[in-house]
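Below is one structure, written out as structure tokens; comments come after it.
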Amino acid sequence: MGEFELIETYFKASFCAMATNAMALGIGDDCALLNLNQNNQLAISTDTLVGGSHFPIDADPFLVGQRVLATTVSDLAAMGATPIAFTLALTLPEVNESWLRGFAEGLADKAKQCQISLAGGDTTKGPLTITATVLGEIPKGNALCRKGAQVGDLLCVSGYIGLGAGALPFVLDKLDYSPILLKEYWSPLPQLELGLLLRGKATACIDISDGLVADCGHIANASGVALMIDSELLPYHPELSKYYDKKQCLSFMLTGGDDYQLAFTLPEKEWAQISAQYPSAQIIGSVQAGAGVTVLDENKQPIILAQQGHQHFRS
Ligand code: ADP
Ligand code: MG
């Protein structure tokens with residue numbers, strides 16, 4: 001049973017996940033949306049990093065602090081929400097003051113960058129595990145959901161992709177190779193500014209945490225459309241090309257994950273303004289009738305992928 005089937009079977013289908021007047025959007029998107037009042041909604045999302053599984057146990061704690069908050073706030077960006085506050089659940093094997101000092105500094109650094117305040121949490125003893133829950137605000141009707149992509153829309157990304165995946169071998173082997181790639185892995189910049197610009201314009205949006213193809217698959221499923229990715233339009237970062245050949249770069253960009261860029265669908269008429277306001281955004285394909293995600297090679301033939309992206313459990 002895969003991660004998503006597990007969530008569907010045991011949690012989304014459970015009576016405790018039923019829709020209520022307060023819950024405008026439940027399980028299945030980057031954030032849930034709760035009605036605060038007539039005009040505003042609260043966006044909420046949780047992410048966990050497990051030491052030794054999601055990051056090396058002896059990694060620089062400053063970087064771990066930055067990464068845990070960046071990856072969680074990224075889900076607020078994907079909804080077009082403005083950050084308000086977060087909570088932190090910390091499970092530690094021991095009290096190591098120098099680790100805690102570094103971690104807290106990294107966390108505070110990212111919190112300042114994202115303008116989000118720590119509101120509470122929980123501290124327990126056990127294997128190193130860090131969970132952040134973020135809260136954000138959005139005017140009712142403005143949230144960018146996975147559902148909503150329309151046939152004829154453009155498929156776009158917020159910037160270069162594949163960098164986090166390109167950094168992962170260096171992270172795992174503790175190689176001090178490329179500061180540019182390592183920064184994308186340890187301290188991705190949540191695309192909050194673009195999320196705001198896309199309010200009322202993008203028809204669907206997701207942050208690319210599990211890989212472009214896998215995450216576009218969530219938009220395609222939720223929207224009932226097919227997404228076509230033209231591999232020739234994908235933005236190759238020169239730093240990625242410095243370390244990897246073209247085939248490896250393409251694989252990182254399509255299925256690598258850990259990007260925390262946004263993938264979004266946009267009516268063609270909105271493109272001129274978005275690209276002028278946010279020049280790193282790129283058109284990478286289109287929305288068509290059908291289902292699933294197809295990646296086309298330079299001859300416009302479908303590329304067969306061994307896997308679509310990262311999943312915590314595979315069937
Ligand atoms: P993201 O990659 O954006 O963080 P996930 O792929 O982790 O999202 O989760 C997909 C959806 O499933 C989200 O709406 C999330 O809230 C929900 N979800 C994940 N795990 C659980 C769980 N154990 N119980 C309820 N909902 C869950
Ligand atoms: Mg997400």
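State which residue is nearest to Gln113 (Cα to Cα) when the search covers only segment 177-229 and only residues that are more than 15 Å from ligand 2 (Cβ to nearest atom) and of a type in the set (S, T, N, Q).
Out of the qualifying residues, it is Ser187.
Can you find a residue that is part of a helix (DSSP H, G or I), within 28 Å of Ala214 (Cα to Cα) and out of contact with any strand residue (DSSP E or B) (no Cβ under 8 Å at 6 or more places or on another chain) anywhere in segment 98-114?
Checked against the condition, which is being part of a helix (DSSP H, G or I), within 28 Å of Ala214 (Cα to Cα) and out of contact with any strand residue (DSSP E or B) (no Cβ under 8 Å at 6 or more places or on another chain), segment 98-114 yields at least one hit.
Test of understanding: among Lys269, Lys300, Lys242, which residue is assigned to a loop (DSSP other than H, G, I, E, B) and among the basic types (Lys, Arg)?
Lys300
Which one of these does Thr87 not meet: (1) surrounded by fewer than 20 Cβ atoms within 10 Å (Cβ to Cβ); (2) under 21 Å from the mean Cα position of the chain (by Cα); (3) outside any strand (DSSP E or B); (4) not small (Gly, Ala, Ser)?
Only one criterion is unmet by Thr87, namely (3).
How do the pairs read when you match residues in segment 203-215 that are assigned to a strand (DSSP E or B) with residues anywhere that are within 10 Å of ligand 2 (Cβ to nearest atom) and of a type in the set (Asp, Glu), using Cβ under 9 Å and keeping only pairs 6 or more apart or on different chains?
So the pair list comes out as Cys205/Asp30; Ile206/Asp29; Ile206/Asp30; Ile206/Asp215; Asp207/Asp30; Asp207/Asp75; Asp207/Asp215.
Any residue at all in segment 248-264 that's farther than 30 Å from Val64 by Cβ and of a type outside the set (A, V, I, L, M)?
Within segment 248-264, none of the residues are farther than 30 Å from Val64 by Cβ and of a type outside the set (A, V, I, L, M).
Kindly indicate which of Ile44, Ile27 is within 14 Å of ligand 1 (Cβ to nearest atom), crowded, with 17+ Cβ neighbours inside 10 Å and modelled with pLDDT of 95 or more.
Result of the check over Ile44, Ile27: Ile44.
Go through segment 47-66 and give me each residue that's more than 21 Å from Gly120 (Cβ to Cβ) and within 14 Å of ligand 1 (Cβ to nearest atom).
Passing the criteria: Val50, His54.
Quick check on this structure: which one of Pro190, Pro238 is modelled with pLDDT of 95 or more and in contact with a Pro (Cβ under 9 Å, 6 or more places away or on another chain)?
Just one listed residue meets the conditions, Pro190.
For the subset of segment 4-24 comprising residues that are under 29 Å from Gln308 (Cβ atoms) and among the aromatic types (Phe, Trp, Tyr), which member is surrounded by the most Cβ atoms within 10 Å (Cβ to Cβ)?
This residue is Phe4.
Spot the failing condition for Phe313; the list is (1) at pLDDT below 95; (2) farther than 25 Å from Tyr185 by Cα; (3) surrounded by fewer than 12 Cβ atoms within 10 Å (Cβ to Cβ), and only one is missed.
Going through the list (1) at pLDDT below 95; (2) farther than 25 Å from Tyr185 by Cα; (3) surrounded by fewer than 12 Cβ atoms within 10 Å (Cβ to Cβ), Phe313 breaks only (2).
Give just the number: which of (1) closer than 24 Å to Leu196 by Cβ; (2) surrounded by fewer than 24 Cβ atoms within 10 Å (Cβ to Cβ) does Asp258 not satisfy?
So the condition that Asp258 fails would be (2).
Evaluate the following for Ala77: is it away from ligand 2 (no atom under 16 Å from the Cβ) and either in contact (Cβ under 8 Å) with a residue 12 or more places away in the chain or under 21 Å from Pro139 (Cα atoms) (or both)?
Spelling it out, it is not the case that Ala77 is away from ligand 2 (no atom under 16 Å from the Cβ) and either in contact (Cβ under 8 Å) with a residue 12 or more places away in the chain or under 21 Å from Pro139 (Cα atoms) (or both).
Please state which of the following conditions Leu163 fails to meet, knowing it meets all the rest: (1) surrounded by fewer than 24 Cβ atoms within 10 Å (Cβ to Cβ); (2) within 30 Å of Asp58 (Cβ to Cβ).
Unmet for Leu163, out of (1) surrounded by fewer than 24 Cβ atoms within 10 Å (Cβ to Cβ); (2) within 30 Å of Asp58 (Cβ to Cβ): (1).
Output the residues belonging to segment 159-210 that are of a type in the set (Ser, Thr, Tyr) and touching a Gly at 6+ places or on another chain (Cβ under 9 Å).
Ser178, Tyr185, Ser187, Thr203, Ser209
Looking at segment 128-136, is at least one residue surrounded by 14 or more Cβ atoms within 10 Å (Cβ to Cβ), within 19 Å of Asn40 (Cβ to Cβ) and not β-branched (Val, Ile, Thr)?
Yes - at least one qualifying residue is present in segment 128-136.
If you take the residues in segment 47-74 that are closer than 21 Å to Asp259 by Cβ and among the β-branched types (Val, Ile, Thr), which one is farthest from ligand 2 (Cβ to nearest atom)?
The selected residue is Val64.
Can you confirm whether Leu63 is of a type in the set (A, V, I, L, M, F, W, C), more than 19 Å from Gly164 (Cα to Cα) and surrounded by 15 or more Cβ atoms within 10 Å (Cβ to Cβ)?
So Leu63 does not fit the description; no.
The values are calculated or read from the model by the stated rules, or taken from the named source; none is laboratory data. Since this is a predicted model, take the numbers as computed values, not measurements. Neighbour counts are summed over all protein chains in view; Cβ atoms, including those assigned to glycine, are modelled from backbone coordinates with ideal geometry.
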